[in-house]
1. Tally up the residues in the range B:152-169 that are in contact (Cβ under 8 Å) with a residue 12 or more places away in the chain and open to solvent by less than 50 Å² (accessible area, probe 1.4 Å), please.
2. If you scan the range A:175-196, which residues turn out to be open to solvent by less than 10 Å² (accessible area, probe 1.4 Å) and either among the acidic types (Asp, Glu) or in a helix (DSSP H, G or I) (or both)?
3. State whether one or more residues within the range A:117-128 are within 13 Å of another protein chain (Cβ to nearest Cβ), without any contact (Cβ under 8 Å) to a residue 60 or more places away in the chain, open to solvent by 30 Å² or more (accessible area, probe 1.4 Å) and under 23 Å from B:Asn64 (Cβ atoms).
4. Of the conditions (1) open to solvent by 30 Å² or more (accessible area, probe 1.4 Å); (2) more than 29 Å from B:Trp138 (Cβ to Cβ), A:Val85 fails just one. Which one is it?
5. Of the residues A:Pro79, A:Pro10, which single one is farther than 30 Å from A:Ile199 by Cβ and either touching a Leu at 6+ places or on another chain (Cβ under 8 Å) or at pLDDT 95 or above (or both)?
6. Check B:Ser149, B:Ser134 and return the single one that is surrounded by fewer than 22 Cβ atoms within 10 Å (Cβ to Cβ), polar (S, T, N, Q), touching a residue at least 12 places away in the same chain (Cβ under 8 Å) and away from DNA strand C (no atom under 16 Å from the Cβ).
7. Which one of these is within 19 Å of A:Val221 (Cβ to Cβ), within 7 Å of chain A (Cβ to nearest Cβ) and at pLDDT below 95: B:Thr188, B:Thr235?
8. With a cut-off of at least 1 residues that are within 16 Å of DNA strand D (Cβ to nearest atom), name the helices (runs of 4 or more DSSP H) lying wholly within the range B:59-174.
There are 2 protein chains.
Amino acid sequence: MATSRRKTAPGRAAPETGPAGTSAAGARGSPWRASGERARDRQIKREAVIRAAAHAFNHKGYHNTSLDDIAAALKVSKPTVYYYVSNKEQLLFECFVAGIEPIRSAFRKVRRLKASARVRLQAVLGHYGQAVASEFGWCMVRAEDQDLSPVMSAHIKSLKSEIDQGIRRLLREGVQDGSIHPCDPKMTAFALAGALNWIAHWYRENQSMTGAQIAAAFISVFENGLIPRVSAEATRRTGGAVAGRARR
Amino acid sequence: MATSRRKTAPGRAAPETGPAGTSAAGARGSPWRASGERARDRQIKREAVIRAAAHAFNHKGYHNTSLDDIAAALKVSKPTVYYYVSNKEQLLFECFVAGIEPIRSAFRKVRRLKASARVRLQAVLGHYGQAVASEFGWCMVRAEDQDLSPVMSAHIKSLKSEIDQGIRRLLREGVQDGSIHPCDPKMTAFALAGALNWIAHWYRENQSMTGAQIAAAFISVFENGLIPRVSAEATRRTGGAVAGRARR
DNA sequence: TAGGATAGCTACTCACCAGTATGATACAGC
DNA sequence: GCTGTATCATACTGGTGAGTAGCTATCCTA
């Protein structure tokens, strides 16, 4: 607790979150090429550290993973890990960001689509499910406020909220354009996200289904609902643009 | 790791799981009444310990809660806590059991019902949701294999699996009796349980909705599905016993 | 009223682990 | 070859927290 923030190494201002966009000087044969290569090397190694951390957190949990474990997995020593990230918390945060980024990008992509809200939601949920089933899914889903400093916690909360609000918006739009059955957007968003988030608890690689397949199966459940449909096929084929005045 | 199990106090053979069944001699005015009262006292205190642990785990997480914290909350010292439970892991396990028991009991109750499988499932899920939103919900849902010894882990897994299988069975029965839309029972059970489990992540007491209300809202989402229903009301009123031959 | 069980406390031990001080090596640029 | 910076290791510190040793007090039974 009490967030013992350190002075983040005086010299090189740590790259922090950003993907350190190839720090100028590309690799076009210039005399600086070597230094550019170094920077790229560093970035690659940094990502390896984050990936190793995600893997370890995934399998043993955040608290049961020591930085020595992560270092050992990379066959380096602990200070080497600290050379690439400033502390354990930041490591979790980076994993979180790596996990959530694909979802944010899915929202952006979908925004350009000219389909019914339900179809757009479907696309987003598909990416969501895949992200949760990815290596970073666990970190994304399980990054607990409890384990993080207030600053990190707030940052993560806002990112999560962004996703939540995006889903709610699609739901509202769907109810309006008649492609989604009238519902409470808040509760429905919680139910959808919850089901998908939970994948991180039981899914492990090498399972019989891929993340995409699971997401598809879940979406089918969400869309149809438990109550039998008199004519599921017919309703399906209308592509969502059905009469939206279902009840009163 | 490596489970540094200690030798579990030689003297008093810890009560372990059993509810310490009122050690003979009831409480019917006999000279042993006092001792019976003592046993009851002990049981009450033990339950208070478990409840305090659940509360602390709930708010701060398992790893961020020390037994000193729990002791402090009860205004006793740490060894006193150890007087009632043998270790921290067992504490988590007891919380888990307390959380999952209502769900098991819901299955038992429902078994006697003479309704369609969907209605029975609905009842189970209602209790499930309420259990997850209870004080023990967090412990039930978040008891991680990673944090427990292999024995505990196996025990918990089997209890969880029992619930999962129960839901799948109701789904299969529902598809057969026509009260549930044809679906993959495994994936559907994962989706349903996942959505409900996730409640433990966001729900806190003093929220605007009660556990029962949330469960009801979720069930409505599950039942209707996202695709609009041509005649939701009509389908609803049939109480589930609709023509089961929806699609081939 | 002695003796044993019950219930609780203070004050420890011991292991683990995040994070660091310090120094060694490799390599780039001069 | 010389100097500064990047990269990594060994070996430490300091704090935290699970679990315990051993003592005290109280209550029950004989």
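The values are calculated or read from the model by the stated rules, or taken from the named source; none is laboratory data. On a predicted model such as this, the values are computed, not experimentally measured, just so you know. Methodologically, a virtual Cβ is constructed for each residue, glycine included, from the backbone with ideal geometry; neighbour enumeration extends over all protein chains shown. We work out accessible area using only protein heavy atoms, side chains counted, and drop any ligands, DNA or RNA first. Shrake-Rupley method; radii C 1.70, N 1.55, O 1.52, S 1.80 Å.
1. Adding up the residues that qualify gives 8.
2. Taking the range A:175-196 as the starting set, the residues that turn out to be open to solvent by less than 10 Å² (accessible area, probe 1.4 Å) are A:178-181, A:187-189, A:191-192, A:194-196.
Scanning the range A:175-196 gives A:Met187, A:Thr188, A:Ala189, A:Ala191, A:Leu192, A:Gly194, A:Ala195, A:Leu196.
3. Looking for residues that are within 13 Å of another protein chain (Cβ to nearest Cβ), without any contact (Cβ under 8 Å) to a residue 60 or more places away in the chain, open to solvent by 30 Å² or more (accessible area, probe 1.4 Å) and under 23 Å from B:Asn64 (Cβ atoms), one finds none in the range A:117-128, hence no.
4. Looking at each condition in turn, A:Val85 falls short on (1).
5. Details: A:Pro10 fails: either touching a Leu at 6+ places or on another chain (Cβ under 8 Å) or at pLDDT 95 or above (or both).
Result: A:Pro79 is the single residue among A:Pro79, A:Pro10 that is farther than 30 Å from A:Ile199 by Cβ and either touching a Leu at 6+ places or on another chain (Cβ under 8 Å) or at pLDDT 95 or above (or both).
6. Values: B:Ser149 fails: away from DNA strand C (no atom under 16 Å from the Cβ).
Only one candidate passes the filter, namely B:Ser134.
7. Values: B:Thr188 fails: at pLDDT below 95.
The unique qualifying residue is B:Thr235.
8. On the way: elements: B:67-73, B:78-84, B:88-111, B:117-132, B:137-142.
In the range B:59-174, the matching helices (runs of 4 or more DSSP H) lie at B:67-73, B:78-84, B:88-111, B:137-142.
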